[in-house]
Amino acid sequence: MRWSNYFLYTLREVPSDADVISQKLMMRAGLIRKVAAGIYNYLPLGLRSIKKLEQIVREEMNRAGATELLMPAIQPAELWMESGRWQKYGRELLRIKDRHDRDFVFGPTHEEVITETVRDSINSYRQLPINLYQIQTKFRDEVRPRFGLMRGREFIMKDSYSFHTTRESLDQTYEAMRKAYSRIFNRCALDHVPVEADTGNIGGSASHEFMVLAQSGEDAVVSCPHCKYGANIEKATSKFFDDETEPAPAAAVEDIHTPGTKTIDDVGRFLGKPTSQLVKTLVFDTDLGPVMVLVRGDREGNEVKIKNHLGAQWMEMLPDTRFEEATGAPIGYCGPVGTKCARVLADYSLRGRSNWIVGGNRRDTHTANVNPGRDFPEPEYGDFSTVFAGDPCPRCGTPLELYRGIEVGHIFKLGTKYSESMNCVFLDEGGERKPMIMGCYGLGIGRTVAAAIEQSHDDDGIIWPMPIAPYEVVVTVVGKDENVVRTANEIYEKLLAAGIEVLLDDRDERPGVKFKDADLIGFPLRIAVGAKSLAGGNVEWSWRRDRAKQLDAPDAVTARVIDEVKAARSQGL
Ligand code: ATP
Ligand code: MG
């Protein structure tokens, strides 16, 4: 492609509403353009990277035995009513009406449509397992669309769905998909970790997220440097509380006057005790009523774990306005003894401990030497707190490390959630009707491209991994000298003939502008043809990643660059 004939305009200015580096660079390099909040144009250059990633994804899906199809973006509401998600999905679901006043949705995901498709076509165990995928545009009306393609409202996803007769068969496909995902991210040269993820209320099912490690990541993940245990912070556990120490003998309950101590730190300071010796009380409002959760004073409650334990549909911190009425205690002084909360949960960090210091349920009062079972009913113990960096790994005890990550893929053993509600059944060998067992596997295409930039850039621009670079090579025409123009064109034609993805920068621009743009866009390999070196019979070439310039005759450079591209293309294969 000749740049003079191309739709590619870089921006000097950093867009004011861009908040992460990949978004700034994608906009400045002319890859994407914002049309509305969370809705983008993929400009020609950006589209090339998207298409290249899609191709890698296709190759790996096909290799793993999945079959491509394409489902509609607009889906009838009836299917969502069948699955029950018409009511449950909330405001991320874009609901629309057609001219006959019939309800539709713009698909945020496709479990309903695929389940309906498969139940219509498959009825025997002989036709299973099957794994179907598509690469398609989704719409989710995210509360806070941001970070460019990383959290858009309209975005491209690869989603696959597998159907099975047995759990073992699902396990096999799940494993094949896990491997395929690793291959995809390796081929994109992405530093990534698969981590265990929360499965919500579905229960019993496994789920992994693929995280690209990056400071700007919205997720926190823990990882064990020794045994490779990895989990999303929402789900991560540690061995921290396994060491049962002999509890001190129970002492007599004692009220302490603690005026003006509303937070756990206030109480610690007031009593001259570390917060680890206190008990923190959290109260949540849930569809099951107010729930009290007790954790050791220096730990944090983990809402995802708590909500899963309760099996609650919704849960939030109890608002101040309802606090006294719901708990019977003033804010800051709430505790388990005589509480109005119907359920009291306690984190493992408190198990086996005696003589707790807790809120006294009266203003300016805490109570010491409170013992569960004696002074209030035994609470429901469980893992309700968030892992901290340095906590021992649950598998091997090594101190855990904490990272920020970008979730680029998510694989999930769904079980029979959709097949049961939507009656997607098969006849087994004995002629018995059974719900199919399902798995689903998502991968964000735009988010992965953005994550690659997030991981690989410098102050001047993007440093593309070759397999998803929009062009592999740029040939820069430096100046207007006839010989220069002719040589650059010859090199360009030879690269094209060799199947190299090359852009010829033949614009009428100053060399400085061209070089700056080449850095910003981040073509992995660059060839510059200028009068000075050409007078000595040479042209210049360099890698974007180190920019070390090398000189050689045009034919030698052309041959070398073709070799380099071919070697780099097979990266991770
Ligand atoms: P998140 O927690 O980031 O909202 P999710 O759990 O809702 O993600 P899934 O429903 O599992 O995501 O979707 C599969 C994949 O689609 C994700 O791993 C991610 O790569 C991508 N994805 C999800 N939401 C968005 C979005 N708003 N913009 C871009 N990509 C997205
Ligand atoms: Mg989401």
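FYI, it's all coordinate maths here, none of it is from the lab. All of these numbers come straight from a predicted model, not from anything done at the bench. In this analysis, Cβ positions are derived from the backbone assuming ideal geometry, glycine residues included, and neighbour counts consider all displayed protein chains.
I need the phi-derived Karplus couplings for the stretch 360-366: 6.51 cos²θ - 1.76 cosθ + 1.60, θ = phi - 60°, integer Hz, Gly and Pro marked x.
With coefficients 6.51, -1.76 and 1.60, one gets x, 6, 9, 4, 6, 9, 10 Hz.
On full extension of the chain, what length is gained from residue 535 through residue 55, given 0.36 nm per residue of separation minus the C-alpha to C-alpha distance?
Stretched fully, the residue 535-residue 55 segment lengthens by 168.6 nm.
On full extension of the chain, what length is gained from residue 416 through residue 124, given 0.36 nm per residue of separation minus the C-alpha to C-alpha distance?
103.5 nm
For the pair residue 288/residue 87, report the inter-label distance in nm, with labels modelled 7 Å from Cα in the Cβ direction.
Output for this residue pair reads 1.9 nm.
I need 26, 317 ordered by Cβ neighbour count within 10 Å, fewest first. Intermediate values should be presented prior to the final figure.
On the way: 26 29, 317 12.
Fewest-to-most ranking of 26, 317: 317, 26.
Using mean Cβ contacts within 10 Å as the protection proxy, how do 525-538, 440-453 order, highest first?
Highest-to-lowest ranking by the protection proxy: 440-453, 525-538.
In sequence order, what are the phi-derived ³J(HN,Hα) couplings for the stretch 221-233 according to the Karplus relation 6.51 cos²θ - 1.76 cosθ + 1.60 with θ = phi - 60°, rounded to whole Hz, with x for glycine and proline?
Here the 3J(HN,Hα) series is 10, 9, 8, 9, x, 8, 9, 6, 4, x, 8, 4, 4 Hz.
Give a quick list of chymotrypsin sites (Phe, Trp or Tyr not before Pro) in the stretch 1-63 that DSSP marks as loop, anything other than H, G, I, E or B, with at most 14 other Cβ atoms within 10 Å.
In loop regions of the stretch 1-63 (DSSP not H, G, I, E or B), the sparsely surrounded chymotrypsin sites (Phe, Trp or Tyr not before Pro) are 7, 9.
Can you list the chymotrypsin sites (Phe, Trp or Tyr not before Pro) in the stretch 293-360 that are in a DSSP coil and have 14 or fewer other beta carbons within 10 angstrom?
Counting only loop positions with at most 14 other Cβ atoms within 10 Å, the chymotrypsin sites (Phe, Trp or Tyr not before Pro) in the stretch 293-360 are 314.
Stretched out fully, how many nm does the piece from residue 313 to residue 37 gain, at 0.36 nm a residue minus the Cα gap? It would help to have the intermediate numbers written out before the result.
Details: separation 276, 0.36 × 276 = 99.36 nm, distance 2.94 nm.
Taking 0.36 nm per residue and subtracting the Cα distance, the gain is 96.4 nm.
According to the square roots a ≥ b ≥ c of the eigenvalues of the Cα gyration tensor, what is the shape class of the stretch 19-153, taking rounded for a/c under 1.5, prolate for a/b larger than b/c otherwise, and oblate for the remainder? Mind dumping the intermediate values first?
Details: a/c = 2.60, a/b = 1.30, b/c = 2.00.
It comes out oblate by the Cα gyration axes.
What's the angle, to the nearest 10 degrees (0 to 90), between helix 554-569's Cα axis and the longest principal axis of the chain?
Once rounded, the angle reads 30 degrees.
Classify the chain from the C-alpha gyration tensor, please: rounded if a/c falls under 1.5, else prolate or oblate depending on whether a/b exceeds b/c.
Because a/c hits 1.5 or more and a/b exceeds b/c, the chain counts as prolate.
How large is ³J(HN,Hα) for each residue in the stretch 287-303, as worked out from phi by the Karplus curve 6.51 cos²θ - 1.76 cosθ + 1.60 (θ = phi - 60°), to whole Hz, x for Gly and Pro?
With the stated coefficients, the stretch 287-303 comes to 5, 9, x, x, 10, 9, 10, 9, 9, 4, x, 9, 9, 10, x, 10, 5 Hz.
Could you size up the charge dipole of the stretch 298-340 around its Cα centre, putting +1 on the beta carbon of Lys and Arg and -1 on that of Asp and Glu, and report it in debye to the nearest 20?
Around 200 debye, computed over the stretch 298-340.
Can you list residues from other chains, or at least 5 along the same chain, whose modelled amide H is less than 5 Å from the amide H of residue 498?
none
Can you find, among 344, 55, 565, the residue sitting farthest towards the positive end of the charge dipole of the chain, where Lys and Arg contribute +1 and Asp and Glu -1 at Cβ?
Looking along the dipole axis, the top candidate is 565.
Near residue 97, which lysines are there with a Cα under 21 Å away, not counting those fewer than 8 places off in the same chain?
Answer for residue 97, where 21 Å is the Cα cut-off: 88, 138, listed by chain and number.
Arrange 270, 426 by Cβ neighbour counts within 10 Å, fewest through most, would you?
Working: 270 15, 426 23.
So the ranking, lowest neighbour count to highest, is 270, 426.
Report, in deg cm²/dmol and to the nearest 500, the calculated mean residue ellipticity at 222 nm for the chain, where each DSSP H run with n ≥ 4 adds -39500 (n - 2.57) and the sum is divided by the residue count.
-8500 deg cm²/dmol
If you line up the long axis of helix 482-497 against the longest principal axis of the chain, both from Cα atoms, how many degrees apart are they, to the nearest 10?
Here the helix axis deviates by roughly 60 degrees.
Per the chain: cysteines with no other Cys C-beta under 4.7 angstrom?
188, 334, 341, 424, 440
Positive end of the charge dipole of the chain (Lys, Arg +1 and Asp, Glu -1 on Cβ, about the Cα centre): tell me which of 436, 381, 477 has its Cα farthest that way.
The Cα lying farthest towards the positive end belongs to 477.
With charges only on Cβ, +1 for K and R and -1 for D and E, what is the dipole size of the chain about its Cα centre, in debye, rounded to 20?
Dipole of the chain, to the nearest 20 debye: 960 debye.
What is the stretch 316-451 by shape, rounded, prolate or oblate, if you read a ≥ b ≥ c off the alpha carbon gyration tensor as root eigenvalues and call it rounded for a/c under 1.5, prolate for a/b larger than b/c, and oblate otherwise?
Prolate, since a/c reaches 1.5 and a/b exceeds b/c.
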